[in-house]
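The values are calculated or read from the model by the stated rules, or taken from the named source; none is laboratory data. Since we're looking at a predicted model, the values are computed, not measured. Here the Cβ positions follow ideal geometry from the backbone for every residue, glycine too, while neighbour counts run over all protein chains shown. Just so you know, the surface numbers come from the protein's heavy atoms only, side chains and all, with ligands and any DNA or RNA stripped out. Shrake-Rupley method; radii C 1.70, N 1.55, O 1.52, S 1.80 Å.
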Amino acid sequence: MGSRNRQLLSAALWLAALTIALPSLAYPLGRDQGVYFYVAREWLNHGSIPYRDLFDHKPPGIYVIYALAITLFRSHVWGIRVMEMAALGGSAWLATRLTKPRDGVAPSAAFVALFGSCLYFGVLNFWDTAQCELWCVTTALAAAYCAQRSGWRWVAASGALFAFTVLIKLPAVFFGLPIFALVWAENAERRARVLTWLLAGAAVVAAFAVYFGAHGALGQATDIIFSANVYYASHEHVDGFSDGVTRVLDVFRLFMPLSLVLVYALVGLPFFNKRAELRADRRRVLLWSAAALVGVVAQLKLYNFHFVLMLAPALLAGALVSRALEVWAVERGSSLGRVRAILGANVLVLFALSWPGEHMWFATARDVALVEVGARPRQEMLAHFTLPYADFDEGANEQVALWIQANSSPLDVVCVRRFEPEIYALSDRSCSSPFFWTYWLTEPSRAYRRGEFLEEDREALERRRPKIMVARREARAGEIDDASYAEGLGYVRRKEIGPYILMVDGSTIAAAR
């Protein structure tokens with residue numbers, strides 16, 4: 001296969017990867033993504049400082065990423081999905097460069113991107129994408145790429161990228177093991193390289209510390225990111241070892257049969273190809289796998305999206321497997337382009353066989369396409385974004401947001417109780433309380449400094465009364481997300497939509513009369 005044909009094949013594989021990712025542009029924000037979007041928007045547009053004016057327990061890196069998405073794509077919720085596509089493509093390219101032999105051809109980035117797109121966009125739904133983990137994977141692989149290059153600027157860039165990885169999500173700190181191994185592997189001036197790497201990482205952390213310190217938020221940031229998270233993890237976790245093992249196996253089955261590629265790379269390659277460089281790469285994939293798995297387990301909850309950290313070793317394994325098969329086939333007279341075409345076709349077939357019955361990606365993609373051409377009402381597509389087990393209903397969320405917009409001005413503040421921050425994004429409204437979501441004020445497993453937080457919330461609402469309060473019907477009586485609590489503050493019921501009770505400030509009604 002000639003150079004032009006290989007380029008066409010590469011373009012076809014990139015197009016297939018993009019096609020798998022495209023339906024995500026129609027995905028709404030889930031609850032976690034709603035938090036990140038809201039904090040980033042308020043920080044960027046209104047000068048509200050995370051931890052001081054906005055409560056959340058994640059490190060600041062994820063808000064920086066969402067702020068970049070808002071800067072590039074304004075307040076469109078699909079902006080973060082576009083950035084995810086770029087992040088996945090970049091991660092695929094990095095994986096091929098990290099497995100490229102010194103004197104050989106790099107594995108196909110297009111093939112690895114297709115493999116990664118099937119794993120990520122093809123298997124995971126709107127709830128489990130646009131989280132922190134993909135960004136940890138991308139920045140960690142970028143840090144590893146810089147670490148294996150010569151030159152002090154590359155070493156410093158590696159340290160800075162690794163520090164930012166940890167500032168996206170703390171459990172990503174375990175990616176430091178394979179990255180540091182690359183820094184250490186260079187025998188020349190090893191001590192100076194390590195010191196440069198550490199100082200560059202410390203400089204990034206210090207820059208964030210100085211910023212929050214200058215805005216009077218460093219103490220609150222430290223308390224929430226570390227102390228509150230320790231309390232949270234110790235009170236909300238899997239139910240013992242057997243439950244943990246079951247969840248791990250469930251996730252592995254979710255990604256079957258594509259997840260077997262990682263197993264093939266770790267177990268089968270030493271028997272398939274005896275080359276020394278492949279054995280060394282296999283050891284690196286093992287180290288990345290161990291680091292990612294420890295990062296997942298350390299969170300003690302084992303949610304599906306936590307396992308996205310495993311995408312780092314999976315992409316490396318995909319690149320390694322494709323490289324081994326390419327070498328094996330070319331040595332036997334096959335062309336490189338033909339091998340890559342066969343590998344790409346196999347990934348698509350395995351993806352199509354990922355679930356029994358109707359494939360969730362196909363169902364969602366079909367309905368998104370039909371809505372876009374006007375052949376199906378949007379409300380039918382929203383069924384894909386309703387999660388009864390989590391009491392999440394995107395259709396109701398959109399109706400609530402439209403009602404808020406119709407009954408308030410952009411300058412009015414509103415308050416949506418419980419854990420529905422995506423409504424602020426949909427309605428383009430802000431909350432006067434730092435606790436724009438209230439799980440930390442109501443859930444027993446998140447009772448950290450609850451008395452102080454409740455008082456802070458009440459003072460904020462009294463200082464700047466929201467025009468609209470949104471309560472939830474299933475709230476426990478007397479809790480701050482219960483309608484009776486809002487009534488005690490002088491709010492009057494106006495409408496019910498799904499699980500929501502929409503209430504307006506009684507004093508504004510009296511003034512209007």
By its C-alpha gyration tensor, with a ≥ b ≥ c as the square roots of the eigenvalues, how is region 133-265 shaped: rounded for a/c under 1.5, else prolate for a/b larger than b/c, else oblate?
oblate
So how do S409, S24, S3 rank on accessible area, 1.4 Å probe, biggest first, that is with the largest at the start?
S3, S409, S24
What FRET efficiency comes out for the pair D239/M360, r = Cβ-Cβ distance, R0 = 30 Å, nearest 0.05?
0.65
Taking only protein heavy atoms and a 1.4 Å probe, what accessible area per residue, in Å², does region 375-513 have with all protein chains in place?
44 Å²
Of all GluC sites (Glu not before Pro) in region 111-204, which ones are in loop regions per DSSP and have a Cβ with at most 13 other Cβ atoms within 10 Å?
E189
From the Cα trace of the chain, what convex hull volume per residue do you get, rounded to a whole Å³?
163 Å³
How high is the relative contact order of the chain, in percent, counting Cα pairs under 8 Å that sit 6 or more residues apart?
16 percent
Sort out for me the Cα centre separation of region 411-464 from region 146-204, rounded to whole Å.
38 Å
First compute the accessible area of the chain with a 1.4 Å probe, then give the percent of it belonging to carbon and sulfur atoms.
62 percent
For region 441-482, what does the alpha-carbon gyration tensor say about shape, rounded, prolate or oblate, given a ≥ b ≥ c as the root eigenvalues, a/c under 1.5 as rounded, and a/b over b/c as prolate?
oblate
Mind ranking 377-387, 104-114, 287-297, 334-344 by how tightly packed they are, going by the mean number of other C-beta atoms within 10 angstrom, highest first?
104-114, 287-297, 334-344, 377-387
Between helix 152-168 and the chain, what is the angle of the helix's C-alpha long axis to the longest principal axis, kept within 0 to 90° and rounded to the nearest 10?
40 degrees
Karplus (6.51, -1.76, 1.60) ³J(HN,Hα), θ = phi - 60°, over region 202-218, in Hz, Gly and Pro reported as x:
4, 5, 5, 4, 5, 4, 5, 4, 5, 4, 5, x, 5, 9, x, 10, 5
Rounded, prolate or oblate: which fits region 22-129 when a ≥ b ≥ c are the square roots of the eigenvalues of the alpha-carbon gyration tensor, with rounded for a/c under 1.5 and prolate only if a/b beats b/c?
prolate
In debye to the nearest 20, the charge dipole size for region 4-70, taken about the Cα centre with +1 at each Lys and Arg Cβ and -1 at each Asp and Glu Cβ, equals 360 debye
Just the accessible area for T196, please: 1.4 Å probe, Å², rounded to the nearest 10?
40 Å²
On Cα atoms only, tilt of 336-352 relative to the major axis of the chain in degrees:
40 degrees
Evaluated at q = 0.10, 0.15 Å⁻¹: base-10 log I(q)/I(0), Debye formula over Cα of region 315-419
-0.59, -0.85
Nearest 5 percent is fine: what portion of the DSSP beta bridges confined to the chain is antiparallel?
70 percent
Keeping every protein chain present and rolling a 1.4 Å probe, give me the accessible area per residue for region 101-153 in Å².
29 Å²
Quick one: accessible surface of E372, probe radius 1.4 Å, all protein chains present, in square angstrom to the nearest 10.
140 Å²
With no solvent and one point per C-alpha, what does the Debye sum give as log10 I(q)/I(0) for region 399-513 at q = 0.09, 0.10 Å⁻¹?
-0.21, -0.26
